[in-house]
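The values are calculated or read from the model by the stated rules, or taken from the named source; none is laboratory data. None of the values given here were measured: they were computed from a predicted structure. Methodologically, a virtual Cβ is constructed for each residue, glycine included, from the backbone with ideal geometry; neighbour enumeration extends over all protein chains shown.
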Amino acid sequence: MALDASDVRWILDEVANFCVGEVDKRAARWEEGLTPQALHALMGMLTDMGVVPVASDAEVPGLWCDVSSASGMTLSLGVLTTIGRSHAGLAFACHRRALGAWLQAQLGGVFAELDLTDAALVTTGHHGLARGSLGRWLTKGSVGAEDDGMLTDWLGRPDAASVVVAMPDWRDVVWPVWRDGVVQWAWVRHDGLHVKQDVAPHGLSDLTLSKVLQREGCEMQVSNLSGDVARQVLSTVLKVDWLGLVAIGLGVTQRGARLTKDFAGLRRQGGATIDQHPAVQTMLGEIHAAERMVSGLLRTCQVPVQEVDLQDVVTIRMQACEALVHANHQVIQVHGGVGYMRDAGPERLLRDQNMLRQLSGGVWGLPMALQALQEEVA
């Protein structure tokens, strides 16, 4: 279903109203967050609204249902930013479930039987981004022995534990695996996994963080994509995943900016509210600059996903993550000592922002991935 700008605005307004009416009141206490029951209830409501799809369908205006149109991308990035303003963990859970629905539609076959409500999606390997090996495979479609060994290690599921951040009570997992020189996708049921639930994650603390190891010899379903299709699918997954994380991070910073503006307009020091002090005005300006920069970067991606260059997405993630984390540090600084209190809000927003930066391979391996992509295109 083709959406025009007014359709997108109307849907985003509805999501914003839902967040104010349902999410904010459940997550009002910063130090407590959302219970698993509340998370599942909110996810159910968003599913009933059609915001979170039960299956990918370009005719349904849901999250990541239509990545092949500009309006679909605009809608999805806007939905994640809007939900991220209210609760980053819920936004991340919605993002990964919707991306899972898109991937499920591409894989078809037995993957059509996958129940997304019980599944966790992992989009990368154990740690980092396989240096430059992944970039070389994505551009060339074949790699030498050294890169093959790197990708085998990075996606060697029975050999090392992977970190899974997902909704409470998840069961099955879908993740990429390296098979015969191609990145395929594997669906592993819960009884084929060793799962050790870790301590609560540093950020997104209402979700569960688990260290997951595939059991040797377990039964699993593996896709059988051709090399070209596999590269297209993985490239799209990475683009959507990374852009989604940036959009959520923008929402987190927008929430922090709102808190900071309100606080600075009330807190008095030296006979004036602190928003009149040059040092505070500088910090407020840096927060605003980060918002505008990241908003502008995301606007360049409000086109069909196939028109978005993976190199551009890598660059956007590198620039946006650092700017957003810095902005949230400034949110804390404006609040002073209050900003570090768990019941005030800013410290939770910073933890969420830091966690978003670490997900999907983190940002530290992006320069090597970008260099590899650039080498092969040159």
Evaluate region 231-245: report whether one residue or more is free of Cβ contacts under 8 Å to residues at least 24 places away in the same chain and not in a loop (DSSP other than H, G, I, E, B).
yes
If you go through region 56-65 one residue at a time, do you hit one that is surrounded by 14 or more Cβ atoms within 10 Å (Cβ to Cβ), assigned to a helix (DSSP H, G or I) and modelled with pLDDT of 95 or more?
no
Apart from one, (1) touching a helix residue (DSSP H, G or I) at 6+ places or on another chain (Cβ under 7 Å); (2) outside the structural domain of Leu350 (by TED's automatic domain parsing); (3) closer than 30 Å to Pro304 by Cβ all hold for Asp241; the odd one out is (2)
Please go through region 253-273 and pick out each residue that is in contact with a Ser or Thr (Cβ under 8 Å, 6 or more places away or on another chain) and buried (at least 24 other Cβ atoms within 10 Å of the Cβ).
none
Matching residues, region 211-230, being in contact with a His (Cβ under 7 Å, 6 or more places away or on another chain) and part of a loop (DSSP other than H, G, I, E, B):
Arg215
Exactly one condition in (1) closer than 23 Å to Met73 by Cβ; (2) surrounded by 16 or more Cβ atoms within 10 Å (Cβ to Cβ); (3) in contact (Cβ under 8 Å) with a residue 60 or more places away in the chain is false for Val303; which is it?
(2)
Keeping to region 281-300, report how many residues are crowded, with 20+ Cβ neighbours inside 10 Å and β-branched (Val, Ile, Thr).
2
Only unsatisfied item for Arg29, checking (1) farther than 24 Å from Leu234 by Cα; (2) modelled with pLDDT of 95 or more, is (2)
Look through region 213-252, keep the residues that are closer than 30 Å to Gln319 by Cα and over 22 Å from the mean Cα position of the chain (by Cα), and return whichever of them is surrounded by the fewest Cβ atoms within 10 Å (Cβ to Cβ).
Asp228
Hey, does region 251-274 have a residue that's assigned by TED's automatic domain parsing to the domain that holds Thr124, over 21 Å from Leu114 (Cα atoms) and acidic (Asp, Glu)?
no
Breaking point among (1) part of a loop (DSSP other than H, G, I, E, B); (2) buried (at least 19 other Cβ atoms within 10 Å of the Cβ), for Glu31
(2)
Screening Gly296, Gly265, Gly244 for residues that are modelled with pLDDT of 95 or more, touching a His at 6+ places or on another chain (Cβ under 6 Å) and small (Gly, Ala, Ser) leaves only Gly244
Inspect all residues belonging to region 293-306 and state whether any of them is in contact with a Cys (Cβ under 9 Å, 6 or more places away or on another chain) and within 12 Å of Gly249 (Cβ to Cβ).
no
Looking only at region 126-167, which residues are hydroxyl-bearing (Ser, Thr, Tyr) and within 24 Å of the chain's Cα centre (by Cα)?
Ser133, Thr139, Ser162
I'd like to verify a number: residues in region 135-180 that are out of contact with any Gly (no Cβ under 9 Å at 6 or more places or on another chain) and of a type in the set (Ser, Thr, Tyr), how many?
2
Screening Ala290, Ala320, Ala327 for residues that are part of a helix (DSSP H, G or I) and closer than 25 Å to Gly132 by Cβ leaves only Ala320
Just the residues that are under 20 Å from Glu32 (Cβ atoms) and either over 24 Å from the mean Cα position of the chain (by Cα) or surrounded by fewer than 16 Cβ atoms within 10 Å (Cβ to Cβ) (or both), please, taken from region 322-378.
His335, Val338, Gly339, Tyr340, Met341, Arg342, Asp343, Ala344
